[in-house]
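One structure is given here, and the rest of the page talks about it.
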Amino acid sequence: MNKTTLHWSYLNFKDVPMDLYLYEDLEEVYLKENFITTIPKWLLNVTTLKFIHLAGNNLSAIPEEMYLLENLEFLDVSNNQIRELPKTIGLMDRLQRLNVSGNELTELPAEIGALKQLEELNISKNHLQRLPIQLSECQRLNVLNLSDNVNIWHIPERISNLPSLQSLSADRCALFYLPVALSKFVNHVRIFHNTSITHVPMIYEKPFQTFYDNRAKVTPPAVTHDSFFWVLEKETNTRLLLPFGTRRIFCVPSLDNQVTLYDDCLRAVQYLSRYMPLWENVALKQMLPEKFIYNHIVNGPTARCTVLNCSNPLYTTYYFMAVKRRGSSSKQIFTCYFCSNHCANLWLLANGKKYYQLEWEVCED
Ligand SMILES: [Zn+2]
């Protein structure tokens, strides 16, 4: 049986025509590039709908009751004037693809984390300042586009590390550094024009290469923060910002087993949190012995081991290396993060001919 689809794009509609009611078992409706200002309440009774394309209209809101379209899998409301998403969006539990690009959003509701089927999320071209950590509960998310949100300066590592994530776009944001806890399966990264980025983690070499020699002038970030951890790279006197949550780093070569028991514990707790998000576990929060541990758990790993076969999650302490390509005119500084001295040596053995190590020291202030 063929599904019923309505092609009503480019028709100068000012409202969604009620003729839509005449179509039985309607599953898909295209209403792109009209002049529609509201999604009418009656449309929410057409519960056979799986697909609604409303890009390029004059919508200023999505109705609270949108979740009544209980079979909706695809919603595109890009290029409208929507200012906020309803909290009830979390009830649209079949939604797989959501495109809200090109609107006036300043924040995303935390409830978005309830969209367990969500695979593609496009929030580009808005006025967002941060991503809600709850987005990390969308375990099926594999395409995330947040480009052109010029105030976003940090992608929470728990989000970049989502197990299904394959494509991450963050062109023209204000990123200070690239998240080093990047999902192992990411094969497409766009990060053009984030001019504060001073170094590229080695794990980005595979998914994205042309960026490296293409950098604009670096503007050091103006924001200060207690948790910032800087390293001074001595060859060019460049200050490198390391991931949030870093407390101590070790040079290579180094003694074995310097990573603390504290980090081993965090790693163990992390595995537990796959079954229940720890920030929802109040009892555990009160039991935890140290005041920072809860934050470290909520934020997730700060990085992953650069050795791909290892990819161990890293927390507050790790082995660190800054390198450059040998015999290359590129000024790009790459950074490597390792779970152990052993992994660092493995990496050097395999890559020492191509890269040389740079000296660094921790910036004290
Ligand atoms: Zn490792």
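Given a Förster distance of 30 Å, report the FRET efficiency between Thr236 and Gln258 from their Cβ-Cβ distance, rounded to the nearest 0.05. FRET efficiency, Thr236 to Gln258: 0.65.
Computed extension length for Glu280-His342: 18.7 nm, one decimal, from 0.36 nm per residue of separation with the Cα-Cα distance subtracted.
Legend note: in the chain, cysteines whose Cβ sits 4.7 Å or more from every other cysteine Cβ are Cys138, Cys173, Cys251, Cys265, Cys336, Cys343, Cys363.
The share of Cα pairs per 5 Å bin across region 248-362, counted from zero up to the longest distance, runs 2, 11, 20, 20, 15, 12, 9, 6, 4, 2, 0, 0 percent.
The fraction of Cα-Cα pairs per 10 angstrom bin, counted from 0 for the chain, comes to 5, 22, 28, 21, 13, 8, 2, 0 percent, rounded to whole percents. Take the Cα of Arg325, step 7 Å toward its Cβ, do the same at Ala268, and the gap between the two points is 4.4 nm. For Asp93 and Arg248, the FRET efficiency from 1/(1 + (r/R0)^6), where r spans their Cβ atoms and R0 equals 41 Å, is about 0.45.
Estimated from the Cβ-Cβ distance and a Förster radius of 45 angstrom, the FRET efficiency linking Lys206 and Arg130 is about 0.95.
Per-residue accessible area (protein heavy atoms, 1.4 Å probe) orders His53, His7 as His7, His53, starting from the largest. Computed with the Debye formula from one identical point scatterer per Cα of region 299-365, without solvent, the log10 of I(q)/I(0) at q = 0.13, 0.21 Å⁻¹ comes to -0.39, -0.93.
Note on Leu288 and Glu84: the model spin-label points, each 7 Å out from Cα along the C-beta direction, lie 2.8 nm apart. Extension gain for the segment Asn295 to Tyr10, taken as residue separation times 0.36 nm less the Cα-Cα distance, is 97.7 nm to one decimal. Surface exposure of the chain, expressed per residue as accessible area with a 1.4 Å probe, stands at 49 Å². Taking the helices alone, the chain has a mean residue ellipticity at 222 nm of -3000 deg cm²/dmol, built from -39,500 (n - 2.57) per DSSP H run of at least 4 residues and averaged over all its residues. Taking the C-alpha atoms only, the angle from helix 261-272 to the longest principal axis of the chain is near 20 degrees. Computed from Cα positions, the angle between helix 341-351 and the longest principal axis of the chain comes to roughly 80 degrees.
Label-to-label distance, Ala350 versus Asp25, with points set 7 angstrom from Cα along the beta-carbon direction: 5.3 nm.
By a 1.4 Å probe calculation restricted to protein chains, Lys14 has an accessible surface near 140 Å², given to the nearest 10. Accessible area per residue was computed with a 1.4 Å probe on protein heavy atoms; Thr238 scores about 40 Å².
Lysine pair count for region 248-362 with Cα-Cα distance under 23 Å and sequence separation of 8 or more or different chains is 4.
The values are calculated or read from the model by the stated rules, or taken from the named source; none is laboratory data. Please read all numbers here as calculations on a predicted model, not as lab measurements. Neighbour counts run over all protein chains shown; Cβ positions are idealised from the backbone, glycine included. In case anyone asks, the SASA skips ligands and DNA or RNA and just uses the protein heavy atoms, side chains included. Shrake-Rupley method; radii C 1.70, N 1.55, O 1.52, S 1.80 Å.
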